[in-house]
Amino acid sequence: MITPAFNITQDSDFLVITINVPYARVSEFDIYIDGYDFKFYAKPYFLRLSLPEKIVEDGRQKATYNADDGIFTVQVPKETPGQQFEGLDLLTSLLAPKGTRTCKPLIEEIGSANEDPEDDEEEFDWQIEQTPYEEPSCDALNSPCSYGFGNLRSGVFRRLQEELNDVIDLRDPDVTPASERTQRRLAAEKAKFDPDHYLADLYEDEAIQPLLKYKPWWKQIQKGASAAANSQNSAVKFTEKEKQLLQKFPNKSYVLDKRSEQLAYLSLIDLLLAYSYEIRVTEGERNVESAWTIRKLSGTLCWFENYTSVKDVLVSFGRRVLCYPLYRNFQLVTKAIQDTCALLSKGKAAVLKCLLDIHEIFQENDPAYILNDLYITDYCVWIQKIKSKKVTGLSDCLQATTVSKADLGLELEELEEAAALVQEEEKLLEASDNIPRQPAALVTSQAPSSSDSSETEQSTSDEEDESVSEEDIETLHAEAAAPLIQVVDNTEPQPVPTSAPLKAPAGTEEKAQGAATNQESPIRHHHDNQDTTDCAPCTEPKHQTREYLEVAPKMSRLQIVEGPAEDEDTLLSVG
């Protein structure tokens, strides 16, 4: 028999079941309606549905057939008018008769075949039971290590070691216990963390800001409606491809102990966090890196991690976001957590649609499809059979748990503080470069250079025995008044005899000595260390030159030289 493609909608009084049966023998078809069961037969098609609520055959049922399209439309009355049927999009659970198994398990669930799982009002405890630490025994270390959905698989890597080495980061998972997996994962994340990449995405976030404003499709569902109402109003719609995939999934139940069930819920959060990040950074458009990103950000898929609390899941996800993908920004971690909370609040149908998308992404990627057999397919079947209130309770627990940068253990706050100090220092340097600087003084009378001092001392030794006239002293005073310009007075040259040296007139020496004495206070304080007891009074002008005429390469010197007898001119040599 062939299971046909079908779709179910509802209104307040009826279920409308649309069945696609091309090339069916419409002259022979049968419809069976009784309680929770609906059966349809038209050779070679057979459809059997286990509905969440009761239907009734009271004469209001109606069936029509479109021969051109090969579609049967069956209108089935509800036993209780106005009652809403939940989970009509969960096709795998609808196809399975209640209480059946694909194979006989070692432990069977005991209960009525028509027992409604939603009637169980037991509160789900999200607190992990704590027990004292005990050293594992040798038998426990040598036992096969389990992994996969609910830790139900083991020994897979003995057959697929080469294929799985390209999918997961954990080596030899069949002999690696859960505690050692965690230690290896933390060490690998610490070695992979790049401070430069993190700071670049923190301060140069032009490409990240548009991603923070994106809204995934489940956040676009009408606000204010409950998860059940959204499901019944077909807010979450499955494509034909997704419906066909749901029909191909095996129908089976999972017998999980309390610890395995807790692990299954925590790993589900981990998967949805990685998927939410991928949807946000690609803005809903998958690419060739989507499979790598999802499995790399999930510690469950990449390291077969066994989480113990929701906080552990969030810390692991945050660390991996800041270590591996292209965009490593803590704001993306926060946004992905918010997206996952919103997704879980929409109910099982929205979660199932995301899991189907992950399944399709992995199925198209070689060799990531192996993760479908280990995790995703089982999650797609299991999520349809769990209680709806546990999914919404998981959303509340995730929303109540917070994670900070300090929790990640990557010293992010210290790194950001150091970067801020470097930025402040760079700003101060830029500001100092923009301040105009004053030019240095051209002439400094108080600090003569060493070359000037040496030349002054040389000129002093040459002038110790020279005598100057009163007119020469006045000329030196004029030069001191204008130190940057040398003035030579040639208006009244003094005639000198050519045959004999010219003697200074009487009284000139005494006048020169008196003039030098009057200038002693401002002139001689720079040469207190020189012995001037044997020097003639005419040698004092050299101090004036050292005090005021620093721009001249040498001190001016007045000499009286002998000329020819017939030329009675006075030659003044300044050098």
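The values are calculated or read from the model by the stated rules, or taken from the named source; none is laboratory data. For clarity, every value in this text was computed on a predicted model and none was experimentally measured. Note that we place each Cβ from the backbone using ideal geometry, even for glycine, and neighbour counts take in every protein chain shown. Heavy atoms of the whole protein, side chains included, go into the accessibility calculation; ligands, DNA and RNA do not. Shrake-Rupley method; radii C 1.70, N 1.55, O 1.52, S 1.80 Å.
Points worth noting:
- In region 271-313, the residues that are on the phi > 0 side of the Ramachandran plot and open to solvent by 10 Å² or more (accessible area, probe 1.4 Å): 283, 284
- Selection count where residues are exposed (fewer than 13 other Cβ atoms within 10 Å of the Cβ), touching a residue at least 60 places away in the same chain (Cβ under 8 Å) and not in a helix (DSSP H, G or I), scope region 195-223: 1
- When residues of region 24-74 are limited to those that are of a type in the set (D, E, K, R) and not in a strand (DSSP E or B), the one most open to solvent (accessible area, probe 1.4 Å): 68
Residues checked against (1) over 25 Å from residue 188 (Cβ atoms); (2) over 26 Å from the mean Cα position of the chain (by Cα):
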| residue | (1), (2) |
| --- | --- |
| 373 | no, yes |
| 392 | yes, yes |
| 405 | no, no |
| 408 | no, no |
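- Test: residue in region 75-87 that is aliphatic (A, V, I, L, M) and either open to solvent by 40 Å² or more (accessible area, probe 1.4 Å) or over 21 Å from residue 235 (Cβ atoms) (or both): yes
- Near pairs, Cβ below 8 angstrom, 6+ apart or cross-chain, from region 150-168 (open to solvent by 40 Å² or more (accessible area, probe 1.4 Å)) to any residue that is of a type in the set (Phe, Trp, Tyr) and at pLDDT 70 or above: 152/254; 153/147; 154/147
- Filtered residue count, region 325-346, keeping only those that are crowded, with 24+ Cβ neighbours inside 10 Å and not in a helix (DSSP H, G or I): 1
- Scanning region 44-61 for residues that are within 19 Å of residue 95 (Cβ to Cβ) and either charged (D, E, K, R) or more than 58 Å from the chain's Cα centre (by Cα) (or both) gives 48, 53, 54.
- Positions within region 303-354 being in contact (Cβ under 8 Å) with a residue 60 or more places away in the chain and acidic (Asp, Glu), in sequence order: 305, 339
- Here residue 448 passes the criteria (1) at pLDDT 90 or above; (2) surrounded by 13 or more Cβ atoms within 10 Å (Cβ to Cβ); (3) over 30 Å from residue 260 (Cα atoms) except the one numbered (1).
- Scanning region 314-324 for residues that are open to solvent by 10 Å² or more (accessible area, probe 1.4 Å) and outside any helix (DSSP H, G or I) returns a single hit, 324.
- Verdict on residue 415 being within 26 Å of residue 280 (Cβ to Cβ) and of a type in the set (A, V, I, L, M, F, W, C): yes
- Index of the failed condition, residue 406 passing every other in (1) touching a residue at least 12 places away in the same chain (Cβ under 8 Å); (2) small (Gly, Ala, Ser); (3) closer than 21 Å to residue 314 by Cα: (1)
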